[in-house]
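Working notes, beginning with the structure itself.
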Amino acid sequence: MTEPISTDPVSLATALIRCPSVTPEEGGALVLVERTLREAGFVTRWDIFGQETGTPVTNLVARYGTRKPVLILAGHSDVVPPGPEAAWRHPPFAGIIENGFLYGRGAVDMKGGLACLVAAALRFVKQNPDFDGSILCFVTGDEEGPALHGTAKVLEAMAQRGEPFDYCLLAEPTCPDRLGTTLKIGRRGSLTGDLIVNGVQGHVAYPERAQNPIPILLRLLRVLLDENLDQVQVGRSTLFDPSHLEITTIDVGNPTPNVIPEQAKATFNIRFNDLWTAQSLAAHLHQRLKSACPENPYTLTFRHSNAPAFVTEPDAFTALVSDAITAETGEVPALSTSGGTSDARFFSQYGKVLEFGLVGQTMHQIDECVAIADLEALTRIFEDVLARYFLKEEKSSLSFKAHGNTHATANAEGG
Ligand SMILES: [Zn+2]
């Protein structure tokens, strides 16, 4: 007997990939998830934000149950563009399965993970229609884009309505090479700065009549690079990778070899731990450059950052999720705060959030693909998490036990 589309993560992931939902297009993906959840008894709601921009973002909130505790299962249905479609082994929105892998844009980031969340939730409520608590499926259509009218806005509205949650599990791809190896408990923050040095333009043969901004810019950048940000703040957080400043571009744009240029610019990005905020870091760097270069021929500005550093201190829920991962895969997941930003940063402002999902090797690439075995294993892990969280001791009666601990190895080559 084949499973209905809703509880089979492979059918669901395939159907989702066939919805071309490149940000900000909905592409049918959210509608499919909404219908699937509604038919299983979830009360669904559309939260639409950004109408004023002309490209409104649709977000789905679907709830099963009215009691506490509330566990959010979160994901996004939008995907990054496929790039040159002709370069793909299979068309990016066809959802083709070959040699145990499902191909398509979003296979791992994160229609695959989303399908696993939904399938697990549906299996769980089918087995336990009257469980003690609530599952809230939260799906945004604006994660890969500017992320202005997605998760951040929905959470703000939920807080205003007085809808708290206890934990959030977000199914971003977290595992570098094997399912089960990495559980994300936080992320470093991100801040981008622009440094501009103004000089005086002139003839290279008469440097005394000009002031070249390039050596000053290089000196200032050296000052920034030479500082270990983790030694500035006492009590460096051990849950984070080292803070890091990376220069991303230096621009002078001077095409003429006998002219000293007027201006030189550089941009840098910093990934920082939770001992810093964007504000404290910006203030510190202003101070540092000011003392290194008191004559002050530069301007330093910072772009708006909505990416604070955050960490969910490991607790009983972390242990529960980790145990569910180990039971399925045999792996003891590393607790990590690595990687770029994700919507977890928004959830972290209202409650505790963990991220666990598929092997991310092919995300955002040509030929993005996911091992079928991983989709099935991840669904069982999520189902186990729900059982451990909501049922406590009663979990032995669950359907996933029948599958046993079939450790998925098909992803070893990562497609
Ligand atoms: Zn993603």
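The values are calculated or read from the model by the stated rules, or taken from the named source; none is laboratory data. This structure is a prediction, so every number in the text was calculated from the model and none was measured. Glycine also receives a Cβ, built like all others from the backbone with ideal geometry; neighbour counts cover every protein chain displayed. Side chains included, ligands, DNA and RNA excluded: accessible areas come from the protein's heavy atoms. Shrake-Rupley method; radii C 1.70, N 1.55, O 1.52, S 1.80 Å.
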With springs only between Cα atoms under 10 Å, which of 198, 212, 254 fluctuates most in a Gaussian network model of the chain?
254
Chain lengthening between residue 316 and residue 35 when straightened (0.36 nm per residue, less Cα-Cα)
97.8 nm
With a 10 Å cut-off between alpha carbons and a GNM built on the chain, which of 123, 303, 178 moves the most?
303
Quick one: which residues, 5 or more positions from residue 22 or on another chain, have an amide H under 5 Å from its amide H? H modelled 1.01 Å from N in the peptide plane, none for Pro or chain starts.
79
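Could you calculate the FRET efficiency of residue 25 with residue 286 from 1/(1 + (r/R0)^6), where r is the beta carbon distance between them and R0 is 60 Å, rounded to 0.05?
0.90
Ordered by packing density, taken as the mean number of other Cβ atoms within 10 Å over each peptide's residues, highest first, how do 184-194, 265-275, 156-166, 128-138 rank?
Per-residue Cβ counts within 10 Å, averaged per peptide and sorted highest first, yield 184-194, 265-275, 128-138, 156-166.
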Checked region 35-155 against the a/c 1.5 cut and the a/b vs b/c comparison, axes a ≥ b ≥ c from its Cα gyration tensor; verdict oblate
Net charge near residue 352 (other residues with Cβ under 12 Å of its Cβ; Lys, Arg +1; Asp, Glu -1) is -4
In the chain, what % of DSSP beta bridges are antiparallel (nearest 5)?
70
Distance from the Cα centre of region 141-157 to that of region 274-326, in angstrom?
21
Mean residue ellipticity (222 nm) of the chain, computed from DSSP H runs ≥ 4 via -39,500 (n - 2.57), nearest 500:
-8500 deg cm²/dmol
The answer for the net charge of residues other than residue 50 whose Cβ lies under 10 angstrom from its Cβ, with Lys and Arg +1 and Asp and Glu -1, is -1
With Cβ to Cβ distances under 10 Å as the rule, what net charge do the other residues near residue 364 carry (K, R +1; D, E -1)?
-2
Once you put a point 7 Å from the Cα of residue 85 and another 7 Å from the Cα of residue 338, both along the Cβ direction, what distance in nm separates them?
3.5
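Tally up the carbon and sulfur contribution to the accessible surface of the chain as a whole percent, 1.4 Å probe, everything protein left in place. Present the calculation step by step, with values, prior to reporting the outcome.
Details: 9350 of 17740 Å².
Here carbon and sulfur together make up 53 percent of the probe-accessible area.
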Pick out which of 201, 365, 127 has the largest mean-square fluctuation in a Gaussian network model of the chain, springs linking Cα atoms closer than 10 Å.
201
Hey, how many Å between the Cα centroid of region 1-69 and the Cα centroid of region 163-220?
34
Under 5 Å from the placed amide H of residue 310, counting only residues 5+ away or on other chains, we find 187, 189
How would you classify region 72-141 from its alpha-carbon gyration tensor, with a ≥ b ≥ c the square roots of the eigenvalues: rounded for a/c under 1.5, else prolate if a/b is greater than b/c, otherwise oblate?
oblate
May I ask you to give the solvent-accessible area per residue for the chain, in square angstrom, as obtained with a 1.4 angstrom probe?
43
For residue 126 the rounded accessible area (nearest 10 Å², probe 1.4 Å, non-protein molecules ignored) is 150
Phi angles of region 98-114, converted by Karplus (6.51 cos²θ - 1.76 cosθ + 1.60, θ = phi - 60°) into ³J(HN,Hα) in whole Hz with x for Gly and Pro, give 9, 6, x, 10, 9, 9, x, 5, x, 3, 10, 10, 9, 5, x, x, 5
